[in-house]
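These notes are about the structure you will find just below.
The values are calculated or read from the model by the stated rules, or taken from the named source; none is laboratory data. Keep in mind that what you see is a predicted model, and the values were worked out from it rather than measured. Here the Cβ positions follow ideal geometry from the backbone for every residue, glycine too, while neighbour counts run over all protein chains shown.
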Amino acid sequence: MRPATLSAVFLSLAAPQAYAQFSMPTLPSAPSTPSLPSIPSAPSASSLPTIPSLSAMPSLSSVSPSNLAGVLKYCVQNHYLSGSDAQTAQTDQTSLLSQNNISPSDQSYDSGSDGELNAGGQGYNLGGDGQQSEVTQQICDQALSHAQSLL
């Protein structure tokens, strides 16, 4: 045999051993992070049912003055009431709050301001697109009329 051939055989036999000596060790996996327990929260207005039609909604006479004042605020801020109706709604909202000694931090007022109408013991989500927007417009008009009847 020629010397070049012997060195080639030697290298081919030694190479796998050398590779095995220098292979990277397997790293242990990172420990998993324990999950935190979930905290129950109050339902948001978006998780409440929408009002499919005015005929499916309870009477606004079952809405508290604080929630009604908040709904009026929601209606004005979201442009369901505009122009002179918006000005009247803002005046009525202020009157409802002062006549009923309602704080602007009242929970029922806050939920109304966020678009939640509480009528007949049930919460309803105002807003939305398409037909729901039309129903919300009608509810805002009725809320304004009802607020004026309370003052």
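Within the range 96-111, residues that are farther than 19 Å from Gln148 by Cβ sit with their Cβ atoms under 6 Å from residues that are of a type in the set (S, T, N, Q) and assigned to a helix (DSSP H, G or I), at 6+ positions apart or across chains, in these pairs: Asp106/Ser66; Ser108/Ser66; Ser108/Asn67.
To keep it simple, each residue is scored yes or no on (1) out of contact with any strand residue (DSSP E or B) (no Cβ under 8 Å at 6 or more places or on another chain); (2) surrounded by fewer than 16 Cβ atoms within 10 Å (Cβ to Cβ); (3) modelled with pLDDT of 95 or more; (4) not aromatic (Phe, Trp, Tyr).
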| site | (1), (2), (3), (4) |
| --- | --- |
| Asn78 | yes, yes, yes, yes |
| Ile102 | yes, no, no, yes |
| Gly128 | no, yes, no, yes |
| Glu134 | yes, yes, no, yes |
| Gln138 | yes, yes, no, yes |
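Looking across Ala89, Ala69, one residue alone is buried (at least 23 other Cβ atoms within 10 Å of the Cβ) and closer than 20 Å to Gly120 by Cα. It is Ala69. Condition test on Asp106, is it surrounded by fewer than 16 Cβ atoms within 10 Å (Cβ to Cβ), at pLDDT below 95 and of a type outside the set (A, V, I, L, M, F, W, C)? So Asp106 does not fit the description; no. Can you report the number of residues in the range 55-110 which are in a helix (DSSP H, G or I) and among the polar types (S, T, N, Q)? So the answer is 18.
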